[in-house]
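Values quoted throughout were computed directly from the atomic coordinates according to the rules given, and no laboratory measurement underlies them. Everything numeric here is computed off the predicted structure, so don't read it as measured data. Using ideal geometry, Cβ is built from the backbone for each residue, glycine included, and neighbour counts are taken over all protein chains shown.
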Amino acid sequence: MQSNRPLGLPRMIAGVIGVVVVVGAAAGFAVAWRPAIAAIELPAPSSFDPALVKRGRELAAIGNCNDCHTVKGGGSFAGGLPVQTPFGTIYSSNITPDVQTGIGRWPEEAFRRAMRSGVNRDGQHLYPTFPYDHFTNVSDEDDAALYAFLMTRPPVDAPPRANRLSFPLDQRFVIAGWKLLFLRRGLYQPDSTRSAEWNRGAYLGEGLAHCGACHTPRNGLGAERSNAQFAGGDVDNWQAFALNKQSPAPVPWDAEALYVYLRQGFHPDHGTARGPMAEVVSNLSSVNESDVRAIAIYMADVFGAPSIDDRKRGEAVLAQARSPAPLTLDSNVNAAGASIYAAACATCHETGRALPYGGVNLALSTALSSPDPRNAINIVLSGIRPVEGERSPIMPGFAASMNDGQIATLLQFLRDRFSNQPPWSGVEKMVADARQSQPVLLQTSSGSHDAPRESMRREKR
Amino acid sequence: MMTLKVNGRDHQIESDPDTPLLYVLRDEIKLNAAKFGCGLGQCGACTVIVDGKAVLSCVTPLLLLEGKQVTTLEGLGTIEAPAPIQRAFIEEQAAQCGYCIAGMMMRAQALLQRNSRPTDEQIRAELEPNLCRCGTHMRILRAVHRAARLMETADASSTIDGSVR
């Protein structure tokens, strides 16, 4: 009986919905599906040109690959580092040529596809914690060099760790949608109105060096906000400072200062690279000087030429740093902060000795002029560890000798004395939070211990 | 005037609140175990224990110590009755010139109080801030392991000052 009933409106709607679902699924499949690329036998290390491997080593250092793909105490490039994101924890993969757990059976084509579009050899989408939104611009030649370098590393048997993501983000096809929205593929297009050095710096800085991955704020879907490029971001409970006009640096950066900072890890007018940036400068110390200079030239342009006012302010701060006003304890409203500063900090920071033997005068500190006190908090808590085998700044941490309130008191004194910015709020609570995150922080910022052996030594001057 | 608790005793201190603890210990209380090395918190010779944690006394102003328990090497043991950490350093002959050793012992003591059987790697990581120019590091390492064994068998209350908890 029922079969004789004509098609009613509800059934038509159901039919239309059904067709839409099927077509949508097919379209989604077409967007999300990627073929596997056939596995190869592990190529012998001797099959790679040594000059290409050497070039690849430098490119891997510029790309900071070891920072995410090596855990403390683990094999170089064997992966397993937990990367905390607002969406859950994602573990880095093993990029050694191990045939079972690494990329030993990947042909170069599969490696290039991963760099260009974030897809592994099996055709699975990779999470954009792997910054292929930057690596997509890397040239064929540079991908070939990186591939040659990685395929000649010692293979490490390190099975991948399962990501901790909730549904639906644990479904990799979701990433295809993210890519539709945010992955802009395309090789670097040189700007003919600029110098070759500038173009080289732009290619590296926007691409392999992926500066924006930390220094550009991200939107609700975890993608870099294209309308706020280099406006500052968050990484591992550190603030990655703004590198554009909004830079809080008391003394404006220029290409020469950036070069020195990126190359040796500190600059007398700006202070010391620390937190996640410590690993970056450690890597950059081992690469071709001209590439670091190119990045510096491009990034100086991103900062922009300072205004006359900014330049004057910078000169005034430098003059103040060279001949600091005497520290008077009695007249100070924050006597406790001043006393802590006098005994714990001034012995290094007000001696007038240049880095790395003296502490930087804190009037030059970007951390103290920044709207976010977290970097200053982190540095007071854990100090600066010396870099193995070279002259480098060092500072003891004060986590054991100061409580949260005392650190907050000290920081408010420093903020008042050394910046022209309004007081921070909520510092004490942020100190408590930083203590909670310290184990993670120390794990990921102890940098040079994780670096591959060949990039650990900086050139000696 | 402020009260400072050192090795279980209260001391009335006249120094200014911004005076580093090291100067108060050596000049005012006349406890000379903690040494002045660099005065910059970079060598560890001045290490003492404050509320169970190793602290660099040369960069720790007095005002941070209100209500806290300070322990110096003198508070651990004496020549007649050395503490396990001191016995271990003597038995391993871990001192050459000895200038860094008081600081080494204090930091090792703080480690052993929260981790009674540290590994080689943990000891190395913990003692990293303390410098030794004579180069007795391997003996120091052995001494810390020996101290851990001695503490396991010793009656802790008779050798470790009550303030060190």
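Output the 0 to 90 degree angle, nearest 10, between the alpha-carbon long axis of helix A:196-206 and the longest principal axis computed from the alpha carbons of chain A.
The answer is roughly 70 degrees.
For region A:164-256, just say rounded, prolate or oblate: build the C-alpha gyration tensor, square-root its eigenvalues into a ≥ b ≥ c, call rounded for a/c under 1.5, and beyond that prolate if a/b exceeds b/c, oblate if not.
Details: a/c = 2.84, a/b = 1.42, b/c = 1.99.
Since a/c reaches 1.5 but b/c is at least a/b, the shape of region A:164-256 is classed as oblate.
Post the alpha-carbon centroid distance, region A:215-237 to region A:364-401, in whole angstrom.
Measuring centre to centre over Cα atoms gives 24 Å.
Sum -39500 (n - 2.57) across every DSSP H segment of at least 4 residues in chain A, then divide by the residue count to get the 222 nm mean residue ellipticity, nearest 500.
Value at 222 nm, helices only: -13000 deg cm²/dmol.
Each residue of region A:381-396 in turn: what ³J(HN,Hα) in whole Hz from Karplus with 6.51, -1.76, 1.60 and θ = phi - 60°, glycine and Pro shown as x?
5, 10, x, 10, 7, x, 8, 4, x, 8, 6, 8, x, 9, 8, x
For A:Ser307, project a label point 7 Å along Cα to C-beta. Then give me every residue of region A:230-255 with its amide nitrogen under 20 Å of that point.
Within reach of a label on A:Ser307: A:230-232, A:242-254.
Between A:Ala39 and B:Arg114, what is the FRET efficiency for a Förster distance of 41 Å, r being their Cβ-Cβ separation, to the nearest 0.05? Don't skip to the end; give the middle numbers.
Values: r = 49 Å, r/R0 = 1.20.
Result of the calculation: an efficiency of 0.25.
Over the C-alpha atoms of the protein assembly as shown, what are the Rg and the largest Cα-to-Cα span, Dmax, in Å?
Cα-based Rg and Dmax for the protein assembly as shown come out at 28.7, 109 Å.
Roughly how far apart, in whole Å, are the Cα centres of region A:8-27 and region A:133-207?
Cα centres, region A:8-27 to region A:133-207: 38 Å.
For B:Thr71, A:Thr366, what's the fewest-to-most ordering of other Cβ within 10 Å of each Cβ? The partial results should precede the final answer.
Details: B:Thr71 26, A:Thr366 20.
Ascending Cβ contact count within 10 Å gives the list A:Thr366, B:Thr71.
List the pair-distance distribution P(r) of chain B, using every Cα-Cα distance, as the percent of pairs falling in each 5 Å bin from 0 up to the bin containing the longest distance, rounded to whole percents.
With 5 Å bins starting at 0, P(r) equals 2, 10, 19, 23, 20, 14, 8, 3, 0.
Once the Cα atoms of helix A:404-418 and of chain A are each reduced to a long axis, what angle between those two axes, in degrees from 0 to 90 to the nearest 10, is obtained?
Value to nearest ten degrees: 70.
Efficiency by 1/(1 + (r/R0)^6): what FRET value for A:Glu315 and A:Lys72, r their Cβ-Cβ distance, R0 = 56 Å, to the nearest 0.05? Intermediate results must be reported in sequence, preceding the final value.
Values: r = 42 Å, r/R0 = 0.75.
The value I calculate is 0.85.
Using the 10 angstrom Cβ neighbour count as an exposure proxy, how do A:Ser247, A:Ser282 rank, fewest first? List each step's numbers first, then the result.
Details: A:Ser247 22, A:Ser282 27.
Arranged by neighbour count, lowest to highest, A:Ser247, A:Ser282 become A:Ser247, A:Ser282.
Mind checking the angle between helix A:255-264 and chain A's longest principal axis? C-alpha axes, 0 to 90 degrees, to the nearest 10.
On a 0 to 90 degree scale, this one is about 80.
Would you list which aspartates and glutamates come within 17 Å of A:Lys245, measuring only between C-alpha atoms, while excluding same-chain residues fewer than 8 positions from it?
Partners found: A:Asp254, A:Asp301, A:Asp309, A:Asp310, A:Asp372.
Could I have the simple spin-label model distance between A:Asp254 and A:Leu180, label points 7 Å from Cα toward Cβ, reported in nm to one decimal?
For the pair A:Asp254/A:Leu180, the computed spacing is 5.0 nm.
For a test of the definition: using alpha carbon positions, the gyration tensor, and the 1.5 limit on a/c, classify region A:231-277 as rounded, prolate or oblate. Could you put the intermediate results ahead of the total?
Details: a/c = 2.11, a/b = 1.25, b/c = 1.69.
Oblate shape, in that a/c is at least 1.5 and b/c is the bigger or equal ratio.
What lysines does B:Lys30 reach when the alpha-carbon gap must be under 24 Å and sequence neighbours fewer than 8 apart in one chain are set aside?
By straight Cα distance, B:Lys30 reaches B:Lys5, B:Lys53, B:Lys68.
Which order do B:Phe89, A:Phe130 fall in if you start with the one that has the fewest other Cβ atoms within 10 Å?
Working: B:Phe89 27, A:Phe130 20.
In increasing order of surrounding Cβ atoms, one gets A:Phe130, B:Phe89.
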